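Take a look at the structure below.
The values are calculated or read from the model by the stated rules, or taken from the named source; none is laboratory data. A quick note: this is a predicted structure, and the numbers were derived from the prediction, not measured. Glycine gets a Cβ as well: all are built from the backbone with ideal geometry, and neighbour counts include every protein chain shown.
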């Protein structure tokens, strides 16, 4: 469960009202749960890269909502999608090196697919 600092309907920032932002926030939390289990030698390597790219997805959505122009908005959504792809690529490396079990990987993969579709819809929501 993720929490907002503000009562429902009284969000301070517009990104807090986006379902995709909440979904990504949950995804990031799961990333943190699994990367803490990676070998100690990966603490500042792959684990850190996965966390940074996952956080970048969330950050780019937040930044997109601060943009007034459609082109700027879409550009930050594109950056979020790129960070999602980067995160998934790194999770494949974790899987290949047995830092991540197949079940956890599959769950994250399914969530990433849902997020990618939501991001695509969000991008299209701001005109052509």
**Item:** Selection status of residue 118, part of a helix (DSSP H, G or I), more than 12 Å from residue 30 (Cβ to Cβ) and at pLDDT below 95
**Value:** yes
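Matching residues to (1) under 21 Å from residue 14 (Cβ atoms); (2) modelled with pLDDT under 95; (3) in a helix (DSSP H, G or I):
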position: 54; (1), (2), (3): no, no, yes
position: 57; (1), (2), (3): yes, no, yes
position: 63; (1), (2), (3): yes, yes, yes
position: 68; (1), (2), (3): yes, yes, no
position: 82; (1), (2), (3): no, no, yes
position: 88; (1), (2), (3): no, no, yes
position: 99; (1), (2), (3): no, no, no
position: 109; (1), (2), (3): no, no, yes
position: 112; (1), (2), (3): no, no, yes
